[in-house]
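Read through the structure below, which is laid out as structure tokens, and then see the notes.
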Amino acid sequence: MKPETKALRVGKLPTDEKSHNTPIFLTSSFTFDSAEHAAAVFAGEEAGNVYSRFTNPTVRAFEERLAALEGGERCVAFASGMAAITALPITFLSAGDHLVCARQVFGSIPAVLNGFIAKFGIEITFIDGTDISAWENAVQDNTKMFFLETPSNPLGAVIDIRAVADVAAKHDDIIFAVDNCFASPALQQPLSLGADLVVHSATKYIDGQGRCIGGAVVGRDELMSELFRYVRTAGACMSPFNAWIFISGLATLHLRMREHCSNALRIATWLNEHEQVKSVYYAGLPTHEQHQLAAAQTNNQFGAVLSFELHATAEQTRQFINATTLISKTANLGDAKSTITQPFSTTHRRLSDEDKVLAGITEGLIRLSVGLEHRQDLLDDLTQGFAAIK
Ligand SMILES: *Cc1c(COP(=O)(O)O)cnc(C)c1O
């Protein structure tokens, strides 16, 4: 089956009711035919559901569909993207181990690594993920994990997944994980480029309509069974209701992503020619430094999150945002509805001034998550923003 077909057809539940849509199993526990049956399921001698923290048929249907789209053996769903990411060091690392993480990652990731994971004696090094030699140079005898995100938030930096996988492969025991949230499996399959694990915030494009929080990890059985052992005991499991939403989100993922990406490219091109814009950060532009790399490791589509820098102060940048009337003022992204935010005062507010400079978060920077509205309406709304700058 081609990916579009898998997105619709993989992960159907066999029930006796012949429902055409995937049913939702909102139940915390499951019953047994007899005490002996219960004993056999608990002992793992017979397949069966016990309790929804362990397995749930609707969650399993979502996991099967996402695993098929990422080309992985198995998927484990989590309560959120951050629950999935936090599960990686907890499951695979021990005190004394070392993790190398790209600096260009979602803001809560350094917060959880430095604020919590480091407390348990795990060493963490942040590097510029686009610099392949930095990965090599960061490796120590105790390095056990690489983590990166590409394209990254908010400046759309692109990291060469295969090149980082080659560095990881030269050393024993390094598990290489890629956050594929911005590209989604419709554009990019990190496992086929040498990653060991793919991580998702299902909250973004997999849902696609801003309804539910969820996360997932996909990879080979050997690693996934360890992650499953963690989630079934520690409990950061996905709700069956959310899984049911994400199943239908995946069904339209390819179609939505094509439209998201073409809208984003049109808007990025328009912004790039605008005299009030200093720079546009979008790998889909042929002038972007990593355009060739991005085209090669995705299916020549570049996602729908872009940033642009105005010739403007922090105050003028807020005037721009306030003058838009259609685009939602929210920090969420990956929604069918376009969203706009000033990272400097919202998502990246907690960074020190020095880290803001390092990350390229200036006062005049605006992040757009381009949705599925008609592109002319979006351009008209942005035109109101430009007109409002005093
Ligand atoms: C949103 C996001 C996360 C965190 O996911 P939640 O579902 O919000 O916990 C992780 N990585 C990236 C790239 C994200 O955009």
- Item | Normalised convex hull volume, region 26-138, alpha-carbon set, Å³ per residue | 165 Å³
- Message: Which residues among region 207-243 fall inside the zone where the amide N is under 19 Å from a point 7 Å beyond the Cα of residue 73, along Cα→Cβ?
- Response: 217-232
- Query: Can you give the convex hull volume of the alpha carbon atoms of region 124-191 per residue, in Å³?
  - Reply: 84 Å³
- Message: For a bin width of 10 Å, list the pair-distance distribution of region 146-234 built from all Cα-Cα distances, rounded to whole %.
- Response: 16, 46, 31, 7, 0
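In deg cm²/dmol, rounded to 500, what helix-only [θ] at 222 nm does the chain give when every DSSP H run of at least 4 residues adds -39500 (n - 2.57) and the total is split over its residues?
Working: 14 runs with 149 residues, N = 390.
Taken over the chain, the calculation gives -11500 deg cm²/dmol.
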- Message: Using the Cα centre of region 127-178 as origin and beta-carbon charges of +1 (Lys, Arg) and -1 (Asp, Glu), tell me which of 142, 152, 164 is placed farthest towards the positive end of the dipole.
- Response: 152
- Charge sum, other residues only, whose C-beta stays under 11 Å from residue 207's C-beta, Lys/Arg counted +1 and Asp/Glu -1: +2
- Message: Within 10 Å of each candidate Cβ there may be at most 13 other Cβ atoms; applying that plus a DSSP loop requirement, which GluC sites (Glu not before Pro) in region 275-309 survive?
- Response: 275, 289
- Task: Based on other C-beta atoms within 10 Å, arrange 246, 146, 116 from fewest to most.
- Result: 116, 146, 246
- Label-reachable residues, region 278-303, where backbone N falls under 19 Å from a point 7 Å from residue 311's Cα toward its Cβ: 278-281
- Note on the structure: residue 39 and residue 170 label points (each 7 Å along its Cα→Cβ direction) are spaced in nm at 5.7 nm
- One computes Rg over Rh for region 163-306 from alpha-carbon atoms, with the Kirkwood Rh, and obtains 1.03
- Item | Principal axes of region 106-151: Cα extent on each, largest first, Å | 28, 28, 12
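Rounded to the nearest 20 debye, what is the charge dipole size of region 1-144 about its Cα centre when +1 sits on each Lys and Arg Cβ and -1 on each Asp and Glu Cβ? Numbers along the way, then the final one.
Values: 12 positive and 17 negative charges, 94 e Å.
The dipole magnitude comes to about 460 debye.
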- Whole-number Å³ per residue for the convex hull built on Cα positions in the chain: 143 Å³
- Query: What order do you get for 355, 172 when you list them from fewest to most C-beta neighbours inside 10 Å?
  - Reply: 172, 355
- Under the Karplus curve 6.51 cos²θ - 1.76 cosθ + 1.60, θ = phi - 60°, whole-Hz ³J(HN,Hα) for region 208-216, x wherever Gly or Pro sits: x, 10, x, 9, 10, 9, x, x, 6
- Item | Inter-part distance where region 168-190 and region 66-122 are each reduced to a Cα centre, Å | 12 Å
- Would you mind ranking 230, 205, 281 by Cβ crowding within 10 Å, fewest neighbours first? 230, 281, 205
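Around residue 77, what is the net charge, scoring Lys/Arg as +1 and Asp/Glu as -1 over all other residues with Cβ under 12 Å from its Cβ? Can you show the working numbers first?
Numbers: positive: 53, 60, 65, 74, 232; negative: 63, 64.
Neighbour charge sum, excluding residue 77 itself: +3.
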- For region 10-80, what Kirkwood radius comes out of the mean inverse Cα-Cα distance, in Å? 13.6 Å
- Amide H to amide H under 5 Å from residue 175: which residues, 5+ apart in sequence or cross-chain, H placed 1.01 Å off N in plane? 145, 146
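Throughout, read-outs are computed from the coordinates displayed, never taken from laboratory work. Nothing here was measured: the structure is a model prediction, and the numbers come from that model. Cβ sites come from the backbone with ideal geometry, for glycine too, and all protein chains shown count toward neighbours.
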